[in-house]
Structure formats: C-alpha cells, structure tokens
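Engineer: So that we are looking at the same thing, I have put the structure below in structure tokens.
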Amino acid sequence: MNDIALKRSLATRYIETEAQYGAKNYKPLDVVLTRGEGTYVWDVDGNRYLDCLSAYSAVNQGHCHPKILAAMTEQAAKLTLTSRAFRNDQLAPFYEELCALTNSHKVLPMNSGAEAVETALKVARKWGYEVKGVPDGQAEIIVASENFHGRTVAIVGFSTDPQSRGGFGPFAPGFKTVPFGDADALEAAIGPNTVAFLVEPIQGEAGVIIPPAGYLKRVRELCTRHNVILILDEIQTGLGRTGKLLAEEHEGIEADLTLIGKALSGGFYPVSAVLSNTEVMSVLHPGEHGSTFGGNPLACAIARAALKVLTEEGMIENAARVGARLQAGLAAIATPSVKEVRGRGLMIAVELQHDAGGARRVCETLQARGLLAKETHEHTIRIAPPLILTDAQADWIVDQFAASLP
Ligand SMILES: *Cc1c(COP(=O)(O)O)cnc(C)c1O
C-alpha cells in the first residue's frame, strides 16, 4: 500500500470502530479531524477544511486560540478543581469580569448549556413561589415552538421536535408552548401562575429562524407588565455570534436571566453560566443548587481568557462586518434551488427549495471542496464559522457555495 492508501484506511478504521462501540445518537460527516488552528481544521489524511460550524458556535474564537490555550495550560498545572466546598482564586475575577462585560449583577456557573437552562428553570420557579406568590406546585413556564434548549428529560419534554422528545416521556409538567415570533400568542398564554418565558433570540437548531422585528421588544414589555421572568437562551446566539456580544442588543432589551455557554470557553472545556439580576438569583440559598465542576478554577481561567480575546481582538465587530459581507455574497448566488438566505452576523442559513434534493448532499459536496458545514433539518445549511473569518475567507465560502448548490 502506498502512503495515501494507508492513511485512507486509518480514517476508515476510526469510523468503523466508532460504529462498532459507540451509541448511534449522531450521524456525522465521514471526516475524522485531528488538528485545528483558527478557522481551519485538518483530517487524518492531511486535508484542510474551513470550519463553518465552529462546534455549534462553541469555537467562536477560532480553534486552539493560543491565548486561551496558554491560560488553560498554566491553570491546569496549578489547580483544576476544588469543588465549591472551598473557594478558589479564579472564581471571583471570573464573576467580576463577566458581570462587567454583560452588565449583570449575579452569575451562577455551570458546565453544559443544558445545565444552565435547568438552573434557570429552577430559579424561575422558586422566584415564582417566593416572590411572585404563585401557589405551591403551580408555577408555569412558557416556551416557544421549535425551541432547542438541550437534551435533559425536562428540556426535551417541552421540545416540539418529535425526534428530540419521542420515546423519552413521561415529562415534567408546568410548561406551555406558544408559536415562536408571535407576541400576541405569548400575551394570551400568560396567566396568574406564569413565572417565566424561555426563548432563543434567534432559533439556531431550528434553522437560524429570526423573529419579526420588534418581537423581543414586545416580549420584554409583556414580561415586565405581567411580572414574568424573561429568560433568553443565548447559548448559541451569545458571545459575538450575531455581531453583538448578546443578541438581545439588536432590539435594545435586557433579559432577567441570560444563559450563555458554548463559546464561553472558546471550545476548550464545557463552561456555561446563568447571568441574572439580583432579585431573581437571590432566591437560591446554600445547598439548594450546585455542580461539582461548576465554577472550577480551570473553567474560570479558560473562560476569562476566552472572553478577553473575544473583545480585545475585535471578534464581535468582525462578526458583524464579515457576516454582512458573507450573507450578501451568498444572497447574490442566483440559483433557483435557494429558497432563502438569512442571518445575523456570522449566524447564517441557506435554505434550499424543498424539492432541491436536501441539504445533506450539498454539505457532502462542500466537504469535498474543503468546507465543513452541517445541515440543520432537511433543507437548511447553517454557516457559522469562527468569528475571526477574513474577507478573503468569506468570499471563498461564497465561491464554494456557488459551485456546490444544485
Ligand atoms: C447548544 C445549545 C444548548 C445546549 O447546550 P449543551 O452544552 O449541548 O447542553 C442550549 N440552548 C441552545 C440555544 C443551544 O444552542
């Protein structure tokens, strides 16, 4: 066998071994990655790809950012985990820097995004009983249709996606669903026992669905008027992805609870957080909620560096500027197979006509051309490269789509 054939068979063996031992809860593209740097990743055959998924927006800062890496290795050699039974010297500066950056009063650190969502649901319910005066066991939380908030049993229980919830019941009661983007429906659904409305500013997993202009502003007004906590899930939209630090800024509003995760660590480590005002978070007392790894010094050191490079290196402004260029370039590709190009910042979707043969095929063609993207649902390709994307790379992405779209 020559060199190339040897390497090829290596990739195939990884894929076969995964299939043999792994649970089949994913259907990845058949590309086995071994290295990443900036906007690029390399497979075990040495092929280079421009990453247009960024691990679902967890590597907004680019792969293996050297400053985050340095913070991580330095902290890993010093102290990694104390549990919250003791204090550590990274937590306080992490709180301080995160609150200053996001205008928050309080932070509760967790690990995965789903844990941040669960934390917010618990806090909102407790606030409902202790502050709003909802009768015990009656708290109601409203969510939006087509939502994606994670994979725990409580969360998938209020998903409207049959794939996400089918077969996993019975589910937790106390949730009500309204159509996404419809503020009138929210108003009609709010009752005396409603404690919170949980919503994504832009629905990422649903296919980059942008609500009508003014929606979030009205949602904010309704929540304030009816004494309902507004929980914005910014786990995907936050930290620069849409060209603002938080997507709520596009409508000039502030949530009561904001959930961040993913890019909070620049992809090095699972770190999430619930950002809050003082009133809501104050319902939690010692022993009522926690996490062994939440707020550990390694996570805090990584997150501090990840936030620092995001702002210091102008990534948020870059996402706005290059994102607009990329979206305009994609929109200018005149093929009848494209139904719509939409997005904000570097969170962009190309939706194909539903008779165009599906998005998966296009993703496979793009892969062969050195671009990694993943379909969301059947007909939509999400484009979410690291926020350090250059103009030339944006133009290159447009060229690849022009050559790959049916
Ligand atoms: C990814 C994501 C989550 C869940 O985060 P995990 O870290 O996978 O648990 C929640 N909400 C949104 C909007 C997400 O994109």
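Engineer: Yes or no: A373 farther than 25 Å from A213 by Cα, outside the structural domain of F268 (by TED's automatic domain parsing) and buried (at least 19 other Cβ atoms within 10 Å of the Cβ)?
Structural biologist: Criteria met by A373.
Engineer: Count, please, the residues in the stretch 149-192 that happen to be within 16 Å of the ligand (Cβ to nearest atom), touching a residue at least 12 places away in the same chain (Cβ under 8 Å) and part of a helix (DSSP H, G or I).
Structural biologist: Total meeting the criteria: 6.
Engineer: Here's another thing I want to ask about it. Can you name the number of the only condition in (1) open to solvent by less than 60 Å² (accessible area, probe 1.4 Å); (2) within 16 Å of the ligand (Cβ to nearest atom) that E146 fails?
Structural biologist: Result: E146 fails condition (1) only.
Engineer: Something else: Anything in the stretch 39-55 that is open to solvent by less than 20 Å² (accessible area, probe 1.4 Å) and in contact (Cβ under 8 Å) with a residue 40 or more places away in the chain? List them, or say none.
Structural biologist: Correct list: T39, V41, Y49, L50, D51, C52, S54.
Engineer: Which residue, of K244, K262, is away from the ligand (no atom under 11 Å from the Cβ) and open to solvent by 20 Å² or more (accessible area, probe 1.4 Å)?
Structural biologist: K244
Engineer: Suppose we filter A116, A120 for residues that are open to solvent by less than 50 Å² (accessible area, probe 1.4 Å), in contact with a strand residue (DSSP E or B) (Cβ under 6 Å, 6 or more places away or on another chain) and under 14 Å from V195 (Cβ atoms); which single one remains?
Structural biologist: Going through A116, A120 in turn, the sole match is A120.
Engineer: Identify, please: which residue in the stretch 277-293 is modelled with pLDDT of 95 or more and touching a strand residue (DSSP E or B) at 6+ places or on another chain (Cβ under 7 Å) and is, among those, farthest from G113 (Cα to Cα)?
Structural biologist: Among them, the one singled out is V280.
Engineer: Going by the conditions given, is Y95 more than 16 Å from the ligand (Cβ to nearest atom), in a helix (DSSP H, G or I), touching a helix residue (DSSP H, G or I) at 6+ places or on another chain (Cβ under 9 Å) and without any contact (Cβ under 8 Å) to a residue 60 or more places away in the chain?
Structural biologist: Yes, satisfied.
Engineer: So, D30, is that one more than 28 Å from the chain's Cα centre (by Cα) and modelled with pLDDT under 95 or not?
Structural biologist: Considered against the rule, which asks whether it is more than 28 Å from the chain's Cα centre (by Cα) and modelled with pLDDT under 95, D30 comes out as no.
Engineer: Quick one: count up the residues across the stretch 56-75 that are outside any loop (DSSP other than H, G, I, E, B), away from the ligand (no atom under 16 Å from the Cβ), of a type outside the set (D, E) and open to solvent by 20 Å² or more (accessible area, probe 1.4 Å).
Structural biologist: Total meeting the criteria: 8.
Engineer: Considering only residues that are farther than 19 Å from P179 by Cα and within 10 Å of the ligand (Cβ to nearest atom), which ones fall in the stretch 198-240?
Structural biologist: I235, Q236, T237, G238
Engineer: Still on this model: Before we move on, is A356 open to solvent by 30 Å² or more (accessible area, probe 1.4 Å), out of contact with any helix residue (DSSP H, G or I) (no Cβ under 7 Å at 6 or more places or on another chain) and at negative phi?
Structural biologist: no
Engineer: Sort out which residues of the stretch 302-328 are open to solvent by less than 10 Å² (accessible area, probe 1.4 Å) and either over 18 Å from T237 (Cα atoms) or not in a helix (DSSP H, G or I) (or both), and write them in order of number.
Structural biologist: Hit for the stretch 302-328 is I302, nothing else.
Engineer: From P270, P297, P286, grab the single residue that is farther than 26 Å from N147 by Cβ, in contact (Cβ under 8 Å) with a residue 60 or more places away in the chain and assigned by TED's automatic domain parsing to the domain that holds T102.
Structural biologist: P297
The values are calculated or read from the model by the stated rules, or taken from the named source; none is laboratory data. Note that the coordinates shown come from a computational prediction; the quantities given were computed from them, not determined experimentally. Positions of Cβ are generated from backbone atoms using ideal geometry, with glycine treated the same way; all protein chains shown enter the neighbour counts. Ligands, DNA and RNA are stripped out before the accessible areas are found, and what is left, the full protein with its side chains, is counted by its heavy atoms. Shrake-Rupley method; radii C 1.70, N 1.55, O 1.52, S 1.80 Å.
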